[in-house]
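Visitor: Encoded as structure tokens, here's the structure I'll be asking about.
The values are calculated or read from the model by the stated rules, or taken from the named source; none is laboratory data. None of these values were measured; they are calculated from a predicted model. Methodologically, a virtual Cβ is constructed for each residue, glycine included, from the backbone with ideal geometry; neighbour enumeration extends over all protein chains shown. Side chains included, ligands, DNA and RNA excluded: accessible areas come from the protein's heavy atoms. Shrake-Rupley method; radii C 1.70, N 1.55, O 1.52, S 1.80 Å.
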Amino acid sequence: SYLLCINLIPKFILLGKKLNLYDNPAFRKIHLKPLVFTGGICILTSSLLIILINIFFNKSFNLDFDSEIKSIIFGGSLCLIIGLIDDIFKISPWSRLLVQFTISSYIWTQGIAIEGISIFNNFYYLPTFLSLLITIFWVTGIINAFNWIDGIDGLAAGISTISISALVIIFFKINNLEYILFLCSLMGSLIGFLRFNFYPSKLIMGDGGSYFLGFIIACFGLISTKGDASNLYIPILLISVPLFDMIYVIFTRISKKQSPFFPDNNHIHHRLLKVGFKERKVVYCLYSFNMFTSIICLSIFFLK
């Protein structure tokens, strides 16, 4: 998937230029020149092609498309589409939220949800409405958290790669080959994308790519909890940087009596740039923090 992605990206850059799919500089954005936002399409395309190639050439490996992974791929593709529409037409935050709530509700109907909580080795089921509510807010929140953190070259893709690497280790212990195959394919695509997205970037993933990655990681994070709210430490630690950034920004905006969706340059990468960090140092710093919390997560997971 890495090799496929690095060969496809130049073609997607040309496609973006021909279709005039540019993200232009603005007061909140770091890049100083227009960049095409076709990176997200390339990440999804190269990941899925590798899975299909694997199935075609290895008949003994049966990827069960009737399981949760089919729903995740479908939901992720919808997220990428709504993100692309937003990139092109700039739809309102409430319209985006409505669609994200709908996709999150769909994934809950497919069994990817927080169903209860374990207390002293006893599992207590949550009321249906509460389970749905927690799942919707979790998935929708993480989709937007990754969108908000995607404000500097290489940050969202790198954080996603670190989180997915930890998830692969978790599913390796659980021995789920389907999830490992999909996540490794996605990780290879992200590493290939980073070759072109790291500072100074030649393209960006756009809202479509960040929505897609946020959705995928939110869903696999829920699966890693096995439906148990007491295991939510796993996804929380794996995505500590985008989650902390989202919570801080929302509370800051509310404290200023602004809408939580009011755009500003108060994100963690903006603040580090303001105190004098260079772009690459900001990225390395946030990579290190997310890697540190991911290691803590894995330590707790294997010792529990």
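Visitor: Given Cα positions, please report Rg to Rh for the stretch 47-143, the hydrodynamic radius being the Kirkwood one.
Guide: For the stretch 47-143, the value is 1.08.
Visitor: Over the chain, with every protein chain in place, what whole percent of the accessible area is carbon and sulfur at 1.4 Å, could you tell me?
Guide: With neighbouring chains kept in place, the figure for the chain is 69 percent.
Visitor: In a Gaussian network model over the chain where Cα atoms closer than 10 Å are linked, find which of ILE169, ILE239, ILE119 has the largest mean-square fluctuation.
Guide: Comparing ILE169, ILE239, ILE119 in the GNM, the peak value goes to ILE119.
Visitor: If R0 is 51 Å, what FRET efficiency do you get for LEU130 and ILE53 from their C-beta distance, rounded to 0.05?
Guide: 0.75
Visitor: Counting only heavy atoms of the protein chains, get the accessible area per residue of the stretch 71-145 (1.4 Å probe) and round it to a whole Å² value.
Guide: Accessible area per residue, the stretch 71-145: 52 Å².
Visitor: Mind listing which trypsin sites (Lys or Arg not before Pro) in the stretch 206-293 are in a DSSP loop and have 15 or fewer other Cβ atoms within 10 Å?
Guide: LYS226, LYS256, LYS257, LYS278
Visitor: If you don't mind, there's one more thing I want to ask. When ligands, DNA and RNA are left out and all protein chains stay put, how many square angstrom of accessible area per residue does the stretch 248-304 have with a 1.4 Å probe?
Guide: Per residue, the stretch 248-304 has 64 Å² of solvent-accessible surface.
Visitor: Write down the accessible area per residue of the stretch 162-228 in Å², having rolled a 1.4 Å probe over the full set of protein chains.
Guide: Computed with neighbouring chains in place, this is 29 Å² per residue.
Visitor: Please find, in a Gaussian network model of the chain (springs between Cα atoms separated by less than 10 Å), the residue of ILE152, ILE250, ILE51 whose mean-square fluctuation is greatest.
Guide: ILE250
Visitor: So if we plug the beta-carbon distance of PHE120 and LEU14 into 1/(1 + (r/R0)^6) with R0 = 41 Å, what FRET efficiency do we get, rounded to 0.05?
Guide: Efficiency, from the Cβ-Cβ distance: 0.10.
Visitor: Tell me the Kirkwood hydrodynamic radius of the chain in angstroms, computed as one over the mean inverse distance between distinct C-alpha pairs.
Guide: That comes to 19.7 Å for the chain.
Visitor: Here is a further query. On a 1.4 Å probe surface of the protein chains, which of TRP108, TRP94, TRP148 comes out largest in accessible area, and what is the full order?
Guide: Highest to lowest solvent-accessible surface, that is TRP94, TRP108, TRP148.
Visitor: Using helices alone, I'd like the mean residue ellipticity at 222 nm for the chain: each DSSP H run of four-plus residues gives -39500 (n - 2.57), total over residue count, nearest 500.
Guide: Value at 222 nm, helices only, nearest 500: -23500 deg cm²/dmol.
Visitor: For the chain, return all DSSP H helices satisfying: extent of Cα atoms along own axis at least 15 Å; mean Kyte-Doolittle hydropathy at least 1.0.
Guide: Flagged H segments are 2-18, 39-57, 68-89, 128-149, 155-174, 177-197, 206-224, 240-255, 279-303.
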